[in-house]
């Protein structure tokens, strides 16, 4: 695979400072902030402050605005965490000076001028694309069978039904919105590759992680490791937190 472009300038090679950061979580499509509840609880046990943004999934600009409002409220440094499409959001929103580190969990990380779809097109297309349901407003939904087969195949039957019932649909056009900033070009990044992912190819995830020169972790999980492997997901985030704190 030949990736267009690269990073400009050196990313933070040393911790920003020793102040304890706030973790700001940005969910992706078909889930919301409460899906991260177990990871949030694990981080709280470690004394880490956490905020999970409820982004509207209506347009990249809308989602970035929702994240920016949260970042501006924090008194100190921020570790931004994104899953799936949420990776595109943190790529743009992470340009804020308060953001000290980025954590991508099975996530897209576009370069300047790229969209989520552009990044996904660098890898093999997932069969899930042909199974979307689209409403009159252009929002994409996943039927229960698709949630079970692709999004949450490593979760319990009960959890699958909850996810399908409470899913947060994403407007298709948001996936075509292009970023104008790419925070990973100048800020340190961590990436959790989910080896059993059926939404975003694990091979593509590794290519993304290499392009952004992230510190890479491998999780034996599907696309939602914060539900199937919360402890391991929390450990990836804590690695970034410890870096910012200078540990």
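Coordinate-derived values only; no laboratory data. This structure is a prediction, so every number in the text was calculated from the model and none was measured. Using ideal geometry, Cβ is built from the backbone for each residue, glycine included, and neighbour counts are taken over all protein chains shown.
For the chain, what is the convex hull (Cα atoms) projected area averaged across all directions, in square nanometres?
11.8 nm²
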Measuring from the longest principal axis of the C-alpha atoms of the chain, the long axis of helix 202-211 (C-alpha) lies at a number of degrees, nearest 10, equal to 30 degrees
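When a footprinting reagent is the concern and you count Cβ atoms within 10 Å, what order do 139, 226 take, fewest first?
Working: 139 19, 226 29.
Result, fewest neighbours first: 139, 226.
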To the nearest 10 degrees, the tilt of helix 157-166 (Cα long axis) against the first principal axis of the alpha carbons of the chain is 80 degrees
When the chain is treated as a Gaussian network with springs between alpha carbons less than 10 Å apart, the largest mean-square fluctuation among 229, 72, 187 is found at 72
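How much length is gained if the chain between residue 220 and residue 181 is pulled fully straight, taking 0.36 nm per residue apart and subtracting their Cα-Cα distance, in nm to one decimal?
Result: 10.9 nm gained on full extension.
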Highest GNM mean-square fluctuation among 26, 89, 39, for the chain with Cα springs under 10 Å, belongs to 39
When the chain is treated as a Gaussian network with springs between alpha carbons less than 10 Å apart, the largest mean-square fluctuation among 221, 166, 93 is found at 166
Length-normalised contact order of the chain, Cα under 8 Å, at least 6 apart, in percent, tallies to 27 percent
The helix 230-245 Cα axis meets the longest alpha-carbon principal axis of the chain at an angle in degrees, between 0 and 90 and rounded to 10, of 30 degrees
Residue 73 and residue 54 label points (each 7 Å along its Cα→Cβ direction) are spaced in nm at 1.1 nm
Per the rule of 0.36 nm per residue minus the C-alpha distance, extending residue 136 to residue 112 adds in nm 5.6 nm
Contour minus Cα-Cα span, residue 162 to residue 46, at 0.36 nm per residue, comes to 39.0 nm
